[in-house]
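The values are calculated or read from the model by the stated rules, or taken from the named source; none is laboratory data. It should be emphasised that the depicted structure is a prediction, and the values quoted were computed from it without experimental measurement. Backbone-built Cβ (ideal geometry, glycine too); neighbour counts: all protein chains shown. When the accessible area is computed, the model is the full protein with side chains, heavy atoms only, and any ligands, DNA or RNA have been set aside. Shrake-Rupley method; radii C 1.70, N 1.55, O 1.52, S 1.80 Å.
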Amino acid sequence: WQREIPAIEKDHRDRLKAEHYASHCQMCLCERPPAELAPRGSYVEWEEVRRRVLDAHHVDPKSGGGARHAGNLILLCKFHHDNYGRRLTRQALTMALQQSAHKRTIRFTADGSHERSVIGRVARVTIPDTGEIVSIFFTIQHANYWLSAANLQRRK
């Protein structure tokens, strides 16, 4: 049994997938360019397929009252979700965005013809329980929303 997804969460999740990351994992985008992540002729070449296999992870768990909007969501593939999702903390991610993020432009190609670019930041996040460092790409807009949500949460 699953509770209904709030409209704001559905809207933010869908916009992150379509407008920000072309339905790619935010960690995978730090490892390889989109053309390598979704090669021509593969089943993930098509964005609508990638959209269905990508998880919107709540860094602050829903079960603990975590926010249901883009200020608490990151897009992760199954591999990264299973290996890092529960080990990422809001504090570590927010600190990485504030302190150590560096600029990156990612170019997405749709159908081999239309190209679009997004400007963002790569945050290097320390996993608290192991000290391992992972990289997560955020578009500028998503990073700003994330940080504004973190600021609101601190004031409560």
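Return the residue satisfying two criteria in turn: it lies in region 100-118 and is among the hydroxyl-bearing types (Ser, Thr, Tyr) and not in a strand (DSSP E or B), and of such residues it is surrounded by the most Cβ atoms within 10 Å (Cβ to Cβ).
Here the residue is SER100.
For region 1-99, which fully contained helices (runs of 4 or more DSSP H) count at least 1 residues that are farther than 27 Å from GLU115 by Cβ?
Ranges flagged: 7-15, 78-84, 90-99.
Hey, could you check region 69-87 for residues that are without any contact (Cβ under 8 Å) to a residue 40 or more places away in the chain and in contact with a strand residue (DSSP E or B) (Cβ under 8 Å, 6 or more places away or on another chain) and say which is most open to solvent (accessible area, probe 1.4 Å)?
The extreme case among them is LYS78.
Cβ-Cβ under 8 Å, sequence separation 6+ or interchain: first residue in region 46-58 and touching a residue at least 40 places away in the same chain (Cβ under 8 Å), partner open to solvent by 30 Å² or more (accessible area, probe 1.4 Å) and part of a strand (DSSP E or B). Which pairs?
GLU47/ALA110
Is there any pair linking a residue in region 4-20 that is in contact (Cβ under 8 Å) with a residue 40 or more places away in the chain to one that is open to solvent by 80 Å² or more (accessible area, probe 1.4 Å), with Cβ under 8 Å and at least six apart or on different chains, and which?
LYS17/ARG51; HIS20/GLN141
ARG121 - would you say it is in a strand (DSSP E or B) and either touching a Phe, Trp or Tyr at 6+ places or on another chain (Cβ under 8 Å) or open to solvent by 80 Å² or more (accessible area, probe 1.4 Å) (or both)?
Yes; evaluated as a whole, the condition is true for this residue.
Given the residues ASP60, ASP55, which is the only one that is among the charged types (D, E, K, R), surrounded by fewer than 19 Cβ atoms within 10 Å (Cβ to Cβ), closer than 19 Å to TYR84 by Cα and in contact with a Cys (Cβ under 9 Å, 6 or more places away or on another chain)?
That would be ASP55, the only listed residue that is among the charged types (D, E, K, R), surrounded by fewer than 19 Cβ atoms within 10 Å (Cβ to Cβ), closer than 19 Å to TYR84 by Cα and in contact with a Cys (Cβ under 9 Å, 6 or more places away or on another chain).
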